[in-house]
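Every number here is computed from the coordinates shown, using simple stated rules; none is lab data. It should be emphasised that the depicted structure is a prediction, and the values quoted were computed from it without experimental measurement. Here the Cβ is made from the backbone with ideal geometry for all residues, glycine too, and neighbour counts use every protein chain on show.
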Amino acid sequence: MTQLQFNNALLGLNDKLQFYALSLTADPEKANDLLQETLLKALLARKKFTPNSNFRAWIYTIMKNTFINDYRRMIRTKNTFDDSNNEACYAFAENKVYPSPDSSCHSKEIMGSIEILKDKYRLPFTMFLDGYKYNEIADKLGMPLGTVKSRIFLTRKKLSEVWAD
């Protein structure tokens, strides 16, 4: 496909791509941005297009993947500002549950219960709470993997018995 044929095919799909972008974003401004980004990506990747294949499907796939990647990027950044013009207005979650005052007391008591355990139980358990994996704990403490798993299990069991009352 020559450059001229490619450009004509791309421009021929402009209205349909605009409609598809609007169906994905549900916002005319964002749809225009998505369309422009898709057209740019298609022009930059022209040499990757396989001749005698479905051009329309190729362009639609570029648009869909661009939309998905932008959405994932937006979720990762978790912007705390809303889209209004008032930059000082924060968007807080309506159903956010904040810790109650007595829950911090309970966590202190639980940590106190963990601290009085023997080292052979406390060390693997606190490492597990800190996010270490079983095999990492076994390597750092020089223990067999099964021993680490059983000590963490027994520590959980002991703590649940203490706090069951």
Checklist entry - Ranked by Cβ crowding within 10 angstrom, fewest neighbours first, how are GLU37, GLU109 ordered? => result GLU109, GLU37
Checklist entry - Taking LYS157 as the anchor, which lysines have their alpha carbon closer than 20 Å to its alpha carbon, excluding any fewer than eight residues away along the same chain? => result LYS108, LYS118, LYS120, LYS133, LYS149
Item to check | FRET efficiency, LEU4 to GLU29 (Cβ-Cβ, R0 41 Å, nearest 0.05) | outcome: 0.85
Item to check | Separation in nanometres of the label points that stand 7 Å from Cα toward Cβ, at LEU129 and GLN18 | outcome: 6.0
Item to check | Stretch gain in nm, segment MET74-GLN36, where the contour uses 0.36 nm per residue and the Cα spacing is subtracted | outcome: 11.8 nm
Checklist outcome for this item: When TRP163, TRP58 are arranged by how many other beta-carbons sit within 10 Å of their Cβ, fewest first, they go TRP163, TRP58
Checklist entry - Between ASP119 and LEU11, how many nm apart are label points set 7 Å from Cα along the C-beta direction? => result 7.9
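By how many nm would the segment from LEU43 to GLU109 grow when fully extended, if each residue of separation counts as 0.36 nm and the alpha-carbon distance is taken off?
On the way: separation 66, 0.36 × 66 = 23.76 nm, distance 6.23 nm.
Going from the current span to full extension adds 17.5 nm.
Sorted from fewest to most neighbouring beta carbons within 10 Å, what does the list THR25, THR50, THR147 look like?
Working: THR25 18, THR50 9, THR147 14.
Least to most surrounded, the residues fall as THR50, THR147, THR25.
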